[in-house]
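Everything on this sheet refers to the single structure shown next.
No lab work stands behind these numbers, since they all come straight from the coordinates. The structure displayed is predicted, hence computed values, not measured ones. Quick reminder, even Gly has a Cβ in these numbers, built from the backbone with ideal geometry, and neighbours come from all protein chains shown.
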Amino acid sequence: MNSGLGHRPSWAEISASALANNVAAIKAVIAPTMLCGVVKANAYGHGTTLVARTILDAGAEWLAVATVEEGIELREAGVGVPILLLAEIPEESMREALANSLTLTVGSLEGARAARAQCEERGGVHRVHVKVDTGMHRMGVDPQHVTEVVALLNSSSAVDVEGLWTHLSVADSSSPEQRSFTRGQIERFDAVVEELGAQCPRLRHLANSAGALAYPSARRELARVGLALYGYLPEPWLESALDERGVALSPAMTLRARVVAVRRVRAGERPSYGRRRALLRDSNIVTVPFGYADGFARRLFDAGAQVLINGRRYPLAGVVTMDQLVVDVGDDDVKIGDDVVLLGRQGDEEISADEWAQHAGTITWEILCAVGARVPRVLVD
């Protein structure tokens, strides 16, 4: 086991070369648009500071986070690039955000008033981005009120209204109806830009990962890319944009553990909680220190999820527990200390987060973000 990972033989390896490859691939598609790496939610489970440093070294120009705490973590780690808060925050939180040079998002007239007041109280000049609601209806200024919001912010010398942005809610969908809706979002955003005229902020950004890959008109000055940075596509059809540039994404995370126990169990026995499944034959059952508290969801057992040991796929022998898995390796000679890959590649086999998501009836984002906080992250290669 790698040193420095703690006393439990399970960990997440984060590939620096995969992250760098993904930055280069994305930039090859979106150039000359600047890349804003979305590192919220512990960098989609990969480790906020670890990922931020790596993707900035690889060429990302901006970072984006969901919370003030996430931004402060990066500042305390010495990250100096612009960091965008992706949501409007309460006025009382704006003070600390500004103190740490985080870029505020304003999504309402009330938020604009609060941001202006806090910028003036803080002194100096502070960057603010205005979010427009073009159809997702989660957060943002109604298009008919954007001019008023921008004018209010521009009325203060303490505010630099640097950015105008929106979020594309179905850019990953290939259906004609949803593609039409996405084009409509872009058109609504452009109408706001035209209405603002000379008052329009200098940085405009609409594109998430799917938007950046599939909608060239959405790239503008900045693209906010999350999932693709970590080596996954929101939907397979988006790969064509990468193929056109001769580039590809590489998953950055491998979840590993080591076998901690091996026992021979007779046919008919029912391992683990609930005694859910009888063994069909005498088998070697191995224990792996990784459970649902680490991100291996219980529902993966019923769905038939597997793990990799010595380059082969093996099924679970019983329901997932909080801290451990039991795996049926049949008659194969698996020993204590053998390497186990839960997510990633081993030999010629690979288990992806997309595969887990399909098993679990969810999305790849949720799988990655669910990797437990107690799983050490280590940067490799």
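Some values worked out for this structure:
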{"read-out": "Index of the failed condition, residue 330 passing every other in (1) of a type outside the set (Phe, Trp, Tyr); (2) in contact with a strand residue (DSSP E or B) (Cβ under 7 Å, 6 or more places away or on another chain); (3) not in a loop (DSSP other than H, G, I, E, B)", "value": "(3)"}
{"read-out": "Single residue of the range 333-359 satisfying the filter (outside any strand (DSSP E or B) and in contact with a Lys or Arg (Cβ under 7 Å, 6 or more places away or on another chain)) that is surrounded by the fewest Cβ atoms within 10 Å (Cβ to Cβ)", "value": "337"}
{"read-out": "Hey, residue 51 surrounded by 22 or more Cβ atoms within 10 Å (Cβ to Cβ) and farther than 30 Å from residue 144 by Cβ or not", "value": "yes"}
{"read-out": "Selection count where residues are of a type in the set (Gly, Ala, Ser), crowded, with 24+ Cβ neighbours inside 10 Å and touching a strand residue (DSSP E or B) at 6+ places or on another chain (Cβ under 6 Å), scope the range 24-48", "value": "1"}
{"read-out": "Test: residue in the range 250-260 that is surrounded by 15 or more Cβ atoms within 10 Å (Cβ to Cβ), free of Cβ contacts under 8 Å to residues at least 60 places away in the same chain and touching a helix residue (DSSP H, G or I) at 6+ places or on another chain (Cβ under 7 Å)", "value": "no"}
{"read-out": "Close pairs from the range 84-95: first over 13 Å from residue 109 (Cα atoms), partner surrounded by fewer than 14 Cβ atoms within 10 Å (Cβ to Cβ), Cβ under 8 Å, at least 6 apart", "value": "95/121"}
{"read-out": "Qualifying residue in the range 3-16 (condition: without any contact (Cβ under 8 Å) to a residue 60 or more places away in the chain and within 23 Å of residue 211 (Cα to Cα))", "value": "no"}
{"read-out": "Only one of 291, 318 that is surrounded by 18 or more Cβ atoms within 10 Å (Cβ to Cβ), more than 25 Å from residue 46 (Cα to Cα) and in contact with a Ser or Thr (Cβ under 6 Å, 6 or more places away or on another chain)", "value": "318"}
{"read-out": "When residues of the range 156-209 are limited to those that are of a type in the set (D, E, K, R) and touching a strand residue (DSSP E or B) at 6+ places or on another chain (Cβ under 6 Å), the one nearest to residue 114 (Cα to Cα)", "value": "160"}
{"read-out": "Any chance residue 137 is free of Cβ contacts under 8 Å to residues at least 12 places away in the same chain, not basic (Lys, Arg) and not in a helix (DSSP H, G or I)", "value": "yes"}
